Amino acid sequence: MTATSTEHHDLTVSGQPVTSPLKDVRALARKMVGHFVDNVAPCGTLPGDALRGDITAVTRACLELAISMLDGTDIPDKTARLEQAAANWAREGIPIDTIQHALHEGFRLGFDLILDRATPDDFDSLKGASRRLLDVLDTINATVSRAYVKELRGVVGEHHTAVHTLTSALLAGHPTSVMARESGIEIAESYHVVALSIPTHPDERNPALNGQVVARRKLRRVQAVLADRCADTALSLLSVDGGTVLVPTTTLGDGDLDEFVAALSRNAQVPVTAAVIEASATDIPDAAQRAHDLLDMVQRLQCRPALYRFDELALEYQLTRPGPGREYLGALLDVLDAHPELLGTLRKHIATNLNRQQTARALHVHTNTVDYRLKRVAHLTGFDPTQPAGLWYLRSALVARSYRATR
């Protein structure tokens, strides 16, 4: 027998094959599973049929695999059993760290059984056994992790598709009870219907970077906030530019929504603008349309990025509806077409909530220039933006004009 063959077949401890303490696979598997329940905390929460079934069977398979590799014999086809069990655990939601911890505990118990019988004369055999046990652990970990991750991706994909389908149905006003039962997703009685606008991240325009990757990473960070703040109760249809989010009113109160949108901005690393309408599940289609109309309006008015509610801008919203009033108001600013700097100053001054200093900084001019331009607007239009009545007409004219120009 060659030295290589001796290394693979003659590992002994105290004159017995190194695998002798592991041979009673069934008894040892039961002992190990009992140890997992007592010492690996999450295992104690698993149902009895799982402990008596998959977990015990997989423990036996791991022991048989270890014995084969330690004896240097051909590895039996035990990995298929491990793959199936790992896939089941992924679908059942057993955490991967619990599985890995149990595997290491089983490995340690088995190695302790071998070490308990060792003497100083067994050093070389133990060295060879240690190397092979590392190979065993590597094989088991790789098999379990690969199967677990593959199945988890499938589970996540199925959930994502179910959420997408259910959200689309709610937004379209289609019946959803069957889909909800099939997907296991509970439909709330009422929702905050949030329309989101997510602007382009500066790095998306960097020619040295992959803009699509930057945009997808931005979207992933937004989705992470949804998962964190809403505990998977929110439904969403989102792209890298924005979309619609349905947040159950029992998950976040109205007072929580401003901080929620602020968190979206922080994580997205861009200033998110949003509009919200509260609605029952059956009224979601109309609410979504109004929320996006409101969002469109605040963007046309160049309002600062924030969360906007319908009651804050009800008058402006009404001004966007077609009719002679909108046409009349929209025409009030035609006289400023020849003076774009005046129209720009008026728009920015209203967007900054009449703050002269902020308007001046935004336009890179002196505050005196802002005052002068506002006086010129008053002279040309007949409405003074420094007076409540004049401001009301000019603001209304800006709203109406933005829609008249589009059409």
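The values are calculated or read from the model by the stated rules, or taken from the named source; none is laboratory data. Given the structure is predicted, the values throughout are model-derived calculations rather than measurements. So basically every Cβ, Gly included, is an ideal-geometry build from the backbone, and we count neighbours across all protein chains shown. In case anyone asks, the SASA skips ligands and DNA or RNA and just uses the protein heavy atoms, side chains included. Shrake-Rupley method; radii C 1.70, N 1.55, O 1.52, S 1.80 Å.
For the chain, what is the relative contact order in percent, using Cα pairs closer than 8 Å and at least 6 residues apart in sequence? If you can, show how the numbers build up before the last one.
Numbers: 494 pairs, mean separation 48.3, N = 407.
It rounds to 12 percent for the chain.
How much net charge surrounds Cys303 when only the other residues with a Cβ under 13 Å from the Cβ of Cys303 are counted, with Lys and Arg +1 and Asp and Glu -1?
On the way: positive: Arg300, Arg304, Arg309, Arg347, Lys348, Arg395; negative: Asp296, Glu312, Glu316.
For residues surrounding Cys303, the net value is +3.
By its C-alpha gyration tensor, with a ≥ b ≥ c as the square roots of the eigenvalues, how is the stretch 199-349 shaped: rounded for a/c under 1.5, else prolate for a/b larger than b/c, else oblate?
On the way: a/c = 2.47, a/b = 1.31, b/c = 1.88.
Oblate shape, in that a/c is at least 1.5 and b/c is the bigger or equal ratio.
Among Ala208, Ala275, Ala360, which one moves the most in a GNM of the chain with springs linking Cα atoms closer than 10 Å?
It is Ala208.
Where only protein heavy atoms count, and the probe is 1.4 Å, what is the accessible area per residue for the chain in Å²? Display every interim value, and only then the final one.
Numbers: 21270 Å² over 407 residues.
About 52 Å² of surface per residue is accessible.
Pull out a ≥ b ≥ c, the square roots of the eigenvalues of the alpha-carbon gyration tensor of the chain, then state rounded if a/c is under 1.5, prolate if not and a/b is larger than b/c, and oblate in the remaining case.
Numbers: a/c = 4.42, a/b = 2.89, b/c = 1.53.
It is prolate, given that a/c is not under 1.5 and a/b is the larger ratio.
What FRET efficiency comes out for the pair His35/Arg153, r = Cβ-Cβ distance, R0 = 45 Å, nearest 0.05?
After rounding to 0.05, the efficiency reads 0.90.
State whether the stretch 97-251 is rounded, prolate or oblate according to the following rule on the C-alpha gyration tensor (a ≥ b ≥ c being the square roots of its eigenvalues): a/c under 1.5 gives rounded; otherwise a/b larger than b/c gives prolate, and the remaining case gives oblate. Don't skip to the end; give the middle numbers.
Values: a/c = 3.88, a/b = 2.15, b/c = 1.80.
Since a/c reaches 1.5 and a/b is larger than b/c, the shape of the stretch 97-251 is classed as prolate.
Who wins for biggest fluctuation among Gln387, Gln84, Gln318 in a Gaussian network model of the chain, springs between alpha carbons below 10 Å?
Result: Gln387 has the largest fluctuation of those listed.
May I ask for the net charge around Tyr372, where only other residues with Cβ less than 15 Å from the Cβ of Tyr372 are counted and Lys, Arg are +1 while Asp, Glu are -1?
On the way: positive: Lys348, Arg356, Arg373, Lys375, Arg376; negative: Glu341, Asp371, Asp384.
Combined, the nearby Lys, Arg, Asp and Glu give +2.
Setting aside same-chain residues fewer than 8 positions from Lys23, which lysines have a Cα under 20 Å from its Cα?
Partners found: Lys31, Lys78.
Ignoring ligands, DNA and RNA, please state the percent of accessible area on the chain from carbon and sulfur, probe 1.4 Å.
Values: 11190 of 21270 Å².
Carbon and sulfur: 53 percent of the exposed surface of the chain.
Quick one: accessible surface of Trp89, probe radius 1.4 Å, all protein chains present, in square angstrom to the nearest 10.
20
For Gln358, what is the net charge nearby, where nearby means another residue's Cβ is under 11 Å from its Cβ and Lys, Arg count +1, Asp, Glu -1? Before the final figure, lay out each step's value.
Numbers: positive: Arg304, Lys348, Arg356, Arg361; negative: none.
With Lys, Arg at +1 and Asp, Glu at -1, the net is +4.
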